[in-house]
Structure formats: C-alpha cells, structure tokens
Amino acid sequence: MTRVVRSAAAVAIVLALVAGVAMIAYARWMAPAAGGDASLAEDRDEEALARYLDAEARFDRFAAAKQLFADDYSHVMANELFVLHRLRRFDEAIDAAQRAPEQALPHFWAGCAFFEKALAEEKPDPRLGWLTRAEEEFRRAVEAAPGDWDTKYDFELVSKLAAELRKRPETPPNQLMQLLRPQPKPGAKPVKRVG
C-alpha cells in the first residue's frame, strides 16, 4: 500500500509541476496583451495598440491558440478595435474587424468606422456609400447581439440618417445630423414651449 501511495504522490507532484510550468509559460506568452491592457488603462493608446498587435501576431503564429484561448483572443481583438477607433484609424479598424471573432464585436466597430468615414466625406455618393456600409455592419451587429440596446440604437440612428440622406444627398457633411430632426410642415405654426 505504501508503494501505491508514494507512486500516486509522485504522479501528483509531477502533474502539479507541469501545470505550474504551463501556467507560467502562458502568462509570459500573453504578456503583450497584459501590457496593452495596462497601457490602455493609462491612456497610452499608441503603446497599447503596438502591444495588442504583438499579441494578435502571436495568436496568428499558432492558429490553434485562437480556439484554445478564444476568450483571450477575443479580448485582444476587441481592445485592438477599440484603440484603432479611438485613434481614428478607421481603415485599419475595418481591416481588423474582418479578421476578428464575433465575441470581439467586429460588426459594431466596423459600423462605427464606416459611420465616421461617412461624416468626414465631402462628396455625396461616397458619403452615402460609407453610410450604407455602416448601416449593414450595424444590422449584422444587432443580429449577433439582439439584446444589446446600444447597438440597436446605433443601427436605428444610422438607418434613419441613411434614409434621409437618400432623399437629400446634397446635404453638406456639417449638417448631416440635422437630417434626424423632425422638420415642421410648411405653413405650420411653431409649437409654443412653456416652462
């Protein structure tokens, strides 16, 4: 019996050692993501982006890691998309969204990027094109997360703006958001506000 107990104890020690080494190796492998989180918390966006890109490259080198550690990969991609949007690198955000997993909300971030591109566009046809793409991405974001009311709101806002812009495509970029305000009917009396 003593021999069995010693063998079991030896096996348990070896398993604990292997598990500890694996945890330390994974923590070192995920160090760029942790560094990106720390940089993001301190509003050092460029540094955070560089670290998230490094973490993404590590996942790209070991494709199986994307499935094994799907939550961590989604975290890296979601933060990368957030930082790209905050840095106003909309084309890069759109590209990153195409390779991001659904958990990282890629359609939401792509929709935001297309919307920003539409707001900055001077020419009517490309502006409507960007807005239409934003509308499509937000629709897909709502399909992916039907309970997310913020995404639903963004989808409805962009859809209404796109519909109004189709009616009045020559609206200048600085007046786009005014298309969302209800316009009084010709000849109607203004509403008297009280209080």
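The values are calculated or read from the model by the stated rules, or taken from the named source; none is laboratory data. As the structure is a prediction and not an experimental result, all values here were calculated from the model. For neighbour counting, all protein chains shown are included, and Cβ atoms are generated from backbone atoms with ideal geometry for every residue, glycine included.
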Legend entry - Filter result for residue 51 (assigned to a loop (DSSP other than H, G, I, E, B), out of contact with any strand residue (DSSP E or B) (no Cβ under 7 Å at 6 or more places or on another chain) and without any contact (Cβ under 8 Å) to a residue 60 or more places away in the chain): no
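Does the range 121-131 hold any residues that are crowded, with 16+ Cβ neighbours inside 10 Å and either of a type in the set (A, V, I, L, M, F, W, C) or part of a helix (DSSP H, G or I) (or both), and which are they? First the steps, then the outcome.
Looking only at the range 121-131, we keep the residues that are crowded, with 16+ Cβ neighbours inside 10 Å, and these are 121, 127-128, 130-131.
Within the range 121-131, 127, 128, 130, 131 qualify.
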Inset, instruction - Tally the residues that are touching a Pro at 6+ places or on another chain (Cβ under 8 Å) and either modelled with pLDDT of 95 or more or surrounded by fewer than 21 Cβ atoms within 10 Å (Cβ to Cβ) (or both), restricting the search to the range 52-76. - result: 5
Legend entry - Those residues of the range 127-154 which are of a type in the set (A, V, I, L, M, F, W, C) and within 15 Å of the chain's Cα centre (by Cα), in sequence order: 134, 138, 141, 142, 144, 145
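Using the structure shown, decide if residue 113 is within 24 Å of residue 156 (Cβ to Cβ), at pLDDT 95 or above, outside the structural domain of residue 166 (by TED's automatic domain parsing) and assigned to a helix (DSSP H, G or I).
no
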Inset, instruction - Could you list all residues from the range 83-95 that are touching a residue at least 40 places away in the same chain (Cβ under 8 Å) and crowded, with 20+ Cβ neighbours inside 10 Å? - result: 83
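Evaluate the range 117-137: report whether one residue or more is outside the structural domain of residue 76 (by TED's automatic domain parsing), touching a Gly at 6+ places or on another chain (Cβ under 6 Å) and not charged (D, E, K, R).
Filtering the range 117-137 for residues outside the structural domain of residue 76 (by TED's automatic domain parsing) gives 117-137.
Within this subset, residues satisfying the condition of being touching a Gly at 6+ places or on another chain (Cβ under 6 Å) are 134, 137.
Adding the requirement that they be not charged (D, E, K, R) leaves 134.
Yes: the range 117-137 contains one or more residues that are outside the structural domain of residue 76 (by TED's automatic domain parsing), touching a Gly at 6+ places or on another chain (Cβ under 6 Å) and not charged (D, E, K, R).
Looking only at the range 101-109, decide whether some residue is over 26 Å from residue 63 (Cα atoms) and not small (Gly, Ala, Ser). Spell out how you get there, then give the answer.
Within the range 101-109, the first condition is being over 26 Å from residue 63 (Cα atoms), and the residues that meet it are none.
No - not one qualifying residue is present in the range 101-109.
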Inset, instruction - Output the number of the condition that residue 117 fails; it satisfies all remaining conditions of (1) in contact with a Phe, Trp or Tyr (Cβ under 9 Å, 6 or more places away or on another chain); (2) within 24 Å of residue 172 (Cα to Cα); (3) free of Cβ contacts under 8 Å to residues at least 40 places away in the same chain; (4) surrounded by fewer than 18 Cβ atoms within 10 Å (Cβ to Cβ). - result: (4)
